[in-house]
1. Does any residue of the stretch B:551-570 turn out to be of a type in the set (A, V, I, L, M, F, W, C), surrounded by 16 or more Cβ atoms within 10 Å (Cβ to Cβ), more than 14 Å from chain A (Cβ to nearest Cβ) and within 38 Å of the chain's Cα centre (by Cα)?
2. Kindly establish whether B:I370 is under 27 Å from the mean Cα position of the chain (by Cα) and surrounded by fewer than 17 Cβ atoms within 10 Å (Cβ to Cβ).
3. Is it the case that B:G660 is under 15 Å from B:D542 (Cα atoms) and either in contact with a strand residue (DSSP E or B) (Cβ under 9 Å, 6 or more places away or on another chain) or more than 7 Å from every other protein chain (Cβ to nearest Cβ) (or both)?
4. Considering the stretch B:532-549 alone, what residues qualify as being surrounded by 17 or more Cβ atoms within 10 Å (Cβ to Cβ) and modelled with pLDDT under 85?
5. Any residue at all in the stretch B:415-437 that's in a loop (DSSP other than H, G, I, E, B), hydrophobic (A, V, I, L, M, F, W, C) and under 30 Å from B:M345 (Cβ atoms)?
6. Find the residue count for the stretch B:611-641, including only residues that are touching an Asp or Glu at 6+ places or on another chain (Cβ under 9 Å), among the hydrophobic types (A, V, I, L, M, F, W, C) and more than 10 Å from every other protein chain (Cβ to nearest Cβ).
7. In the stretch A:61-95, which residues are in contact (Cβ under 8 Å) with a residue 40 or more places away in the chain, among the aliphatic types (A, V, I, L, M) and touching a strand residue (DSSP E or B) at 6+ places or on another chain (Cβ under 6 Å)?
8. Can you report the number of residues in the stretch B:600-613 which are surrounded by 13 or more Cβ atoms within 10 Å (Cβ to Cβ) and in a strand (DSSP E or B)?
Amino acid sequence: MSTDVESKVDESPLDSDAELGDEYLTFSLADEEYGIDILRVQELRGWEMVTRIPNSPEFVKGVLNLRGAIVPIIDLRERFNLSVSDYTETTVVIVLSVNDGPDDNERTMGVVVDSISDVVHAKMSEIQATPKFGSSLDTEYISGLADADGKMLMLLNVDAMLSISGMLG
Amino acid sequence: MSIDMEQFHQVFFEESFEGLDIMETGLLNLDNGEADDEEINTIFRAAHSIKGGSGTFGFQSIADFTHIMETLLDEVRDGIRELTHDGINVLLKSVDCLRMMMTAESDGGDIDDSEVKTNFDALQNILGSSDSPSDNSTAEVADTTSDVPSAWKISFSPHKNFMQFGNDPARIIKELATMGQLTGHVDTKNVPDFVDLNPENMFLSWDMELKGNVTKEQIDDVFSWVEDESDISITALSKNKEKTQNTAKKSQDTKIKAAASQAPVKSAAADKKEKSAPANSSIRVGINKIDDLINMVGELVITQSMLSMLGEDFNMTRLEKLQEGLIQLDRHTRELQESVMQIRMVPISFTFSRFPRMVRDLSEKLDKKIQLVMHGENTELDKTVIEKIGDPLVHLVRNSIDHGIEMPEDRIAAGKPETGTIQLNAFHRGGNIVIEITDDGKGIDKDVIYNKGVEKGLVEAGSKLSDQQIYDLLFNPGFSTATEITDVSGRGVGMDVVKKNIMSLGGAIETHSVKGQGSIFSIRLPLTLAILDGQSVTVGADNYIIPLVSIVESVQPKKEQLNMVAGKGETYKLRDEYLPILRICDLFNIPDAKADKLEDGLLVVVEADGKHFGVFVDDLLGQQQVVIKSLESNYKRIEGISGATILGDGSVALILDVPGLIRMSD
C-alpha cells in the first residue's frame, strides 16, 4: 500500500507534460491539417526565392542559404502529390532537423507548407494508428492520427518523410 | 595553489608522438647506413624528452620504459655499443610499444602489459648481452643506491618574485617531507616591517636536513620547476669522502640530464599558456606564417582607417582616392585570405613519413627486397586532405609491395635488378596536386583482370573495354586477383575504399601499367577544399560558378566555326581543334535558357582530363573567389555539381564540376 502511494508522489512532478502529451506544430496543406513534432522545428521563414538544383525531382524546389549552410527546400504539396498551388503571402518554410541514413546524419531541411495553424498537445493514448488503405495510398510518413478541435490531424514522421534515399530513390 | 596538470597532457602527447616519429625516422636512417652521430643524438634527445615529460606528468610506466631505451641509446651514442640490424628492430618495436602505451594513456584505454614486458625484456637482453661492464640500467640503480648518503642538506632561498610565478614553497616542502625525515628552520631575517610588507613577495628562506633513502635526482625533481626562481643548494651529509666525490660527479651528470629534460617540458608549458583552450585537433604553424598574417592585418587596418577618413568628408573630387582605396582593400583582403589558407597547408611529408617504416617491415615479412624513393615531400596540401589521403596511400603502397614487386629470384630471372623500387611522387599540376605511386614490379595483367571481371559478373563476356576501364575494375568492391590471400593485402577490400576516399575529396585516381615493367597509380587531388577562384556564368535564371583553373578561354562562337557531327553532336572549331560542345541547359534540363542558337550565347572552353570542351552558357558575369559549401551535408551529391557557394547578395550559386559534366555528356 505504502509503495503505491510513494510511486504516485514520485510521478506527480511530471504530470503537466505527461498529461498534456507531446507538442506538435500544425500546418495546413491543401485543406488538410498536419502536425510535426515541435522539437524538430528549427525556425519558420517566409517563402523566398531559392536556387534550383538541376536534375532533381519537382518537389525539391532548390537550396537556400541559411546562415551559411546550404539547405534544400522541399514542397510538401508536391511531395504528397497534392494539387499544386502558387505561393502566397502566408506560404511558410518550416526548417526542420532530420535524422537520416544509417549513420543518423543530422540534416537541416526546409519544407514549404500553405500556412502555420497552431501548436497542439497530443497524448500518446490519444494518437490513433494510421489506418491501412492498401496499396492505393502510401501512408508510411504518417505516424498517427490525432484529433484537434474536431479536425483530423495527421502526425508526420519527419525522418521517413524527408529521408534522402526515400525521396530520391 | 596547485596547477592542473591535465591541461598540459594534450601538448605532452602531441610532442611525444612527434618525438616517436622522429625516433622512428632516425632509426630507419640508421638502418640504411645513412646516419651520422647527429642522427643518434636526435633519437636520443627525442627519447629523453619523452622520458622527462612522462615522468613529470606522472606516466610512470612510460617513463620507465623510455628510460631503458634511453640507456641503450646512450651507450650507442657514447660509442660503447654498435647498433645492429636486430638492435634497430628491437628499438623500432619499442617505439611501437611506446606509441601503444601513449595512445592508451591519452585515450584512456588499457596498456597491453604483456607487450610492454616483451619489449622491455628484449631491450634488457641487448643491454645484458654486451661485454661492456656497464649494464647500465641496473648498474645505475645499484650505484645510486649505494651512493645515497643517509642525509642531505638543502638550502632553499626563493627569489623575491618567487610567488609571482605561481609557485608555492609550502608545496615543495611538503613534497620533501614525504621523501624522508625532514627537519629544518626558516630564516625570517629578510622579512620587512609590516607596513613595508608586500604580501606577493617572498622574504623567507629555508635550511633543511632530509634524512632517508633519497637520491639527489629525486630532490632535484622536486625543485625542477622552481630552480630559475630560487637559489638551491643540495649537499650530501656523508662521512665517506670518496663516496661524496663520486656522488658529486654523478650528481653533476644528473644535473645536466635534468636540465636537458626540463627544457622541452618548459617550452611545452609555455606553448600551452598561449593556447587557452586545448582544441581537439591542432595544427603547428611556422612563426613566419603568423608574422605574415600580422603584417597583412596591419595593412588592412591602415587601409580601413584611410577609407573611413575619406568617408567622413567625401565629395566627388576625391572619387579617385576612394577607388584607389577600395582596390587596396581588395588586394589586402585577398592576401590575407591566401595567408590564412596557407596556414591550413601542410607538407605531404606528414603522410609520406610513415612509408619508410612500412616498406621496411613489409618487405622483410615477405622476403622481398624493396627500396623506397620519395620525391616532393614538401608539396603542401590542405590539412583535411592530408588527413584523409593517408589510408588510401597506405593501401596502394601495400598493394605495390605485395602484388607489384616480385620475389628477388623472379626479378633476377626477369632480368631486373634484385631490389625493387617503389616511388612516391608528389607535385603540382594545374590546380591540382598529383601523387604518384610507381613500382617497377610485374605490372597489372589486363587479361587476368578482365577474366576476373567476367567471372564476377562485372563485365559482359566478349565486350571490349579500354585499358582504363579494365583498370577501373580493380576498384570494385570485393575484387581481388591475388591467387593467395595474405595478411598484407589480397582480400579485395581496400581498393574500393581507396577510390571512395579519393572521390570524396573531389579527386580522381588513374592507373597505368605495362605488364612486366610496373604500374603507376596516380591520384589527383584539389589543392584546397575550401576556396576557389570562379567564373560566374548564367544559364536561364540560374547562376553557376565554373572553377577558373579548368577554364582555358571564353569565346563568342561564329556560325562558320560550328559544325554538327552526324547531325547531332555539336562541335566548335577552335583554331585547329574541334571541340565537343556541352550545353548546360540540356544537361541540367533548364527550361528558361535565353540562348538557344549557339551564336547567341558564349562558349567557355574548359579542360579536363587533358581534353578540351566548350561549355555553352547564356552569359558571363564576373570572376570572384568563392567559398565552397557542401551540398551533401544537408542534401546529396548532384552529378555535374561539385558544391555550392553563397554570393555577395546572400543567394546560393552552384559550382560546376567540369570533369563530372563531361562524364554526364558521355
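The values are calculated or read from the model by the stated rules, or taken from the named source; none is laboratory data. Fair warning: this is a prediction, and the values are worked out from it, not measured in the lab. Cβ atoms come from the backbone with ideal geometry, glycine included; neighbour counts cover every protein chain shown.
1. Yes, the conditions are met somewhere in the stretch B:551-570.
2. For B:I370, the condition - under 27 Å from the mean Cα position of the chain (by Cα) and surrounded by fewer than 17 Cβ atoms within 10 Å (Cβ to Cβ) - is not met.
3. no
4. B:L532
5. Looking for residues that are in a loop (DSSP other than H, G, I, E, B), hydrophobic (A, V, I, L, M, F, W, C) and under 30 Å from B:M345 (Cβ atoms), one finds none in the stretch B:415-437, hence no.
6. 3
7. A:L64, A:I74, A:L76, A:V92, A:V93, A:I94, A:V95
8. Matching residues across the stretch B:600-613 total 9.
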